[in-house]
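Reviewing the structure listed below.
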Amino acid sequence: MKKQKINQELKSFPQIGQKDFLEIMENAPEVIQTASKELKDAFVALEMAERALSESSKRFFVFEGSQGEEFTADLKSYSAKGFVIRHGGTKAAAEKAQRQKEIYIMPLIEDIRTKKAVFNDIYRKEMLSSVTPDILSYIVKLFGEMNGVEDVQKILKQEKKINLTQKELLSIFARKKAEIESKRAVFLASSNQYKVATEAGRLQIINSIIIDLQGRYHKYLEEGLEDKALIFEREIRNMLEQARKEVKGNELKLTVDGKIDITATLHGQENVSRVFRTLPINSIIIGLVAAKSGLDPTVLIHQLATSYYKDFNGFNKMILGREKIMLPGDLIRAANWDELEQQNQKFLDEMSPYEVQEATYLDDEVKLSVKERLKALKLK
């Protein structure tokens, strides 16, 4: 009976071109590529339904805020009416956005839900598994992030409303052991042993909290309880600030739907670290000092390269730490002060003072005689 129902629903799917079918199957999981035609068709139909929603020309609604600025609402994610009003749009614009979502977007969302239910039923039947491919991939991902069986069990119950026994989870772990160990190796390559002691682990926890808060935020918006929604909006901002501090002030990289892209965020930090490893630290310091003081950095570099300390500050040659550096202070402390005192005294003794004599004046007769002789010489 159930099989007949599934086949009936499959017949209601629109015809899919061979080109689209092959493109989707190339990117499909291996378990789907080797599955029956029935499961493949259900998977392709689900993918096409999701594409129809993502590529719909009615997905986005553009409106003006109270200050004349332009906003774009993604009707796939937001409560259209609440989003428009919250950003200063008119009541008429809010109602128009809500109508656009109800007429064009909600049918596409319902179509995805229907096709997903059909796909999951076929998958469970063929794979003899109590979990869908999405959930199975999620469980493998959780195990790969160093979560234990009890942790995975709690996360599935809280986030996915799925109750699996520890025996079922252990069975999944055994079947997917190679893939889980591979994911753990990647996870541990950039982290320590414990999840909360690693930057990647802490960012993932913060990201999970933000996703939970976003769900409640959108729920209250849809119910028209904007006061309660604002409380969760503030909490989301606080968590984003905590995430920013976690990466030591670097920019957070976000995905299209606003989630923290942990891989891209840590990649950005690794790139900064790589630059610091290749750029001389003295150049960074001089650049900062010059910028704050309004000085030309080339002048500072010239002074450092020609000063007494030029051979010891790393500007003229590489300092390996084994060189014998004689600083002015070392020269003063190493001097023989007794010898210097003796040499100074010897120098003072050799200096003879000038003899000061009284000035003498010639008498008048001598002066006249000299004067007469000078006149005679002049006449000649």
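Quick check on the range 183-195. Is at least one of its residues at pLDDT 85 or above, of a type outside the set (Gly, Ala, Ser) and loosely packed, with under 15 Cβ neighbours inside 10 Å?
Taking every residue of the range 183-195 in turn, none turns out to be at pLDDT 85 or above, of a type outside the set (Gly, Ala, Ser) and loosely packed, with under 15 Cβ neighbours inside 10 Å.
Please find, within the range 103-154, the residue that is nearest to Val44 (Cα to Cα) out of those that are part of a helix (DSSP H, G or I), β-branched (Val, Ile, Thr) and not assigned by TED's automatic domain parsing to the domain that holds Ala45.
Filtering the range 103-154 for residues that are part of a helix (DSSP H, G or I), β-branched (Val, Ile, Thr) and not assigned by TED's automatic domain parsing to the domain that holds Ala45, the one nearest to Val44 (Cα to Cα) comes out as Ile135.
All but one of (1) at pLDDT below 85; (2) surrounded by fewer than 14 Cβ atoms within 10 Å (Cβ to Cβ) hold for Glu150, so report the exception by its number.
It is condition (1) that Glu150 fails.
Identify all residues within the range 155-169 that are over 27 Å from the mean Cα position of the chain (by Cα), surrounded by 12 or more Cβ atoms within 10 Å (Cβ to Cβ) and not in a loop (DSSP other than H, G, I, E, B); write none if there are none.
Leu156, Lys157, Lys160, Gln166, Glu168, Leu169
Which members of the range 284-317 meet the condition of being over 21 Å from Gly329 (Cα atoms), surrounded by 12 or more Cβ atoms within 10 Å (Cβ to Cβ) and at pLDDT 70 or above?
Within the range 284-317, Ile284, Ile286, Gly287, Val289, Ala290, Leu295, Pro297, Leu300, Ile301, His302 meet the criteria.
Evaluate the following for Gly17: is it out of contact with any Leu (no Cβ under 8 Å at 6 or more places or on another chain) and either modelled with pLDDT of 80 or more or of a type outside the set (Phe, Trp, Tyr) (or both)?
Spelling it out, Gly17 is indeed out of contact with any Leu (no Cβ under 8 Å at 6 or more places or on another chain) and either modelled with pLDDT of 80 or more or of a type outside the set (Phe, Trp, Tyr) (or both).
Looking at the range 82-97, is at least one residue out of contact with any Pro (no Cβ under 8 Å at 6 or more places or on another chain), part of a helix (DSSP H, G or I) and within 30 Å of Val44 (Cβ to Cβ)?
no
Of everything in the range 49-65, what is of a type in the set (A, V, I, L, M, F, W, C), surrounded by fewer than 19 Cβ atoms within 10 Å (Cβ to Cβ) and more than 17 Å from Ala97 (Cα to Cα)? Give them in sequence order.
Correct list: Ala52 only.
Name the pairs whose Cβ atoms lie under 7 Å apart, with the first residue in the range 60-72 and outside the structural domain of Gln100 (by TED's automatic domain parsing), the second surrounded by 10 or more Cβ atoms within 10 Å (Cβ to Cβ) and not aromatic (Phe, Trp, Tyr), and 6 or more positions between them or separate chains?
none
For the range 44-59, which positions are outside any loop (DSSP other than H, G, I, E, B) and without any contact (Cβ under 8 Å) to a residue 60 or more places away in the chain?
Answer for the range 44-59, where residues must be outside any loop (DSSP other than H, G, I, E, B) and without any contact (Cβ under 8 Å) to a residue 60 or more places away in the chain: Val44, Glu47, Met48, Arg51, Ala52, Leu53, Ser54.
The values are calculated or read from the model by the stated rules, or taken from the named source; none is laboratory data. In this text the structure is predicted, and so the values were computed from the model without any measurement. Counting neighbours? That spans all protein chains shown, and the Cβs are built from the backbone with ideal geometry, glycine included.
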